[in-house]
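Novice: Sharing a structure below in structure tokens format, with a few things to ask.
The values are calculated or read from the model by the stated rules, or taken from the named source; none is laboratory data. Predicted model only: the values in this text are computed from it and were never measured. Cβ atoms come from the backbone with ideal geometry, glycine included; neighbour counts cover every protein chain shown.
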Amino acid sequence: MLLMLRFTMVVSLLFVYGVKPAEAMPSFTVEILPWEQVKEIIPNQSYFTIIDVESGLSFKVQRRAGSKHADVQPVTEKDTKIMKAIYGGKWSWDRRAILVLIHDQLISASMNGMPHGAGALKNNFPGHFCVHFYGSTTHKTPTPDLAHKIMILKAGGELNRFLYRLDPYEIIQVMEIAINQHDEKLLSLVLSGDKRSVKKTLKKIHHIEFIQRSILPVEDLPAIVGMKIQMKVKWIRSDQSQEVKNVKLLILKDNVYDQWKIDEKSLAKELQ
């Protein structure tokens, strides 16, 4: 059964329609559609608009290839310039939550910002980049990339519901993604405590990888609202120094009905 999750929202498309804030904004239904359906909506050679959820900036692209996801290119040099501005002026593999606008449809998706492979358009973009939809995969893996999945759900308004259902081990996976994607907002959603320290955490670490962890079956987790998880972690600091260390993280809930979160103080202590 094809998955189609819908929620209604009003999206400001100033950059698409060139309207002023005082004018009436168009209202759309954002859809989380499976890749098997989306690839028919945006066939090869088709054009569509990408809207970055965080910044509101938009640019036009053309799908040029891709069987497991869409390989696309900015249409013009102006579109390339806008895309690079979305990434702070530097190309990056970081995933970003986006909306794909084609005809009268808005579809939640995720993109990375790194030119790679071949490119055919005269757009000052050296290659193509990837756009993922629900259920799509990379060319090298048989299962969807979790970082892309999280961004797709974020664009579709389903991220909080997704996080609520995760067990402590899965929450740690999301924290790993948030740090490696340099995503302050995502990290703040899985940390409890002083959110002002999120920026400090991101500044300390360039990349983190949990290389060994002791995992109990979820049904055998020893606590209802709090537990400590021991694991071995490897991280690269912002100054490129590396360290491998055994750490203990406190995972907790405010109450039995709440989402699991990582205690910010225990994380900060282990990263010292």
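Novice: Of all residues in region 196-216, which are within 14 Å of Ile262 (Cβ to Cβ) and either at pLDDT below 70 or assigned to a loop (DSSP other than H, G, I, E, B) (or both)?
Specialist: Arg213
Novice: Related question: Would you call Phe133 assigned by TED's automatic domain parsing to the domain that holds Asp94, farther than 16 Å from Val53 by Cβ and aromatic (Phe, Trp, Tyr)?
Specialist: On the way: assigned by TED's automatic domain parsing to the domain that holds Asp94: yes; farther than 16 Å from Val53 by Cβ: no; aromatic (Phe, Trp, Tyr): yes.
No; evaluated as a whole, the condition is false for this residue.
Novice: May I pose another question? Test Glu219 against the criterion of being acidic (Asp, Glu), part of a helix (DSSP H, G or I), over 26 Å from Ser110 (Cβ atoms) and at pLDDT below 90, and give yes or no. Walk me through how you get there before you give the answer.
Specialist: Working: acidic (Asp, Glu): yes; part of a helix (DSSP H, G or I): yes; over 26 Å from Ser110 (Cβ atoms): yes; at pLDDT below 90: yes.
In short, yes.
Novice: Would you tally the residues in region 160-178 being modelled with pLDDT of 90 or more and closer than 17 Å to Phe210 by Cα? Give the derivation first.
Specialist: The first filter runs over region 160-178 and keeps only residues modelled with pLDDT of 90 or more, leaving 160-166, 170-178.
This time we only want the ones that are closer than 17 Å to Phe210 by Cα, so: 170-178.
Residues that pass the stated criteria total 9.
Novice: While we're looking at this one, here's another question. Only one residue in Gln62, Gln73, Gln37 is of a type in the set (S, T, N, Q), modelled with pLDDT of 95 or more and over 18 Å from His103 (Cα atoms). Which one? Break it down stepwise before answering.
Specialist: Details: Gln62 fails: over 18 Å from His103 (Cα atoms); Gln37 fails: over 18 Å from His103 (Cα atoms).
Testing whether each residue is of a type in the set (S, T, N, Q), modelled with pLDDT of 95 or more and over 18 Å from His103 (Cα atoms) leaves just Gln73.
Conditions tested, residue by residue: (1) part of a strand (DSSP E or B); (2) closer than 22 Å to Leu163 by Cα; (3) modelled with pLDDT under 85.
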{"site": "Ile224", "(1), (2), (3)": "no, yes, yes"}
{"site": "Val233", "(1), (2), (3)": "yes, no, no"}
{"site": "Asn246", "(1), (2), (3)": "yes, no, no"}
{"site": "Asp258", "(1), (2), (3)": "no, yes, no"}
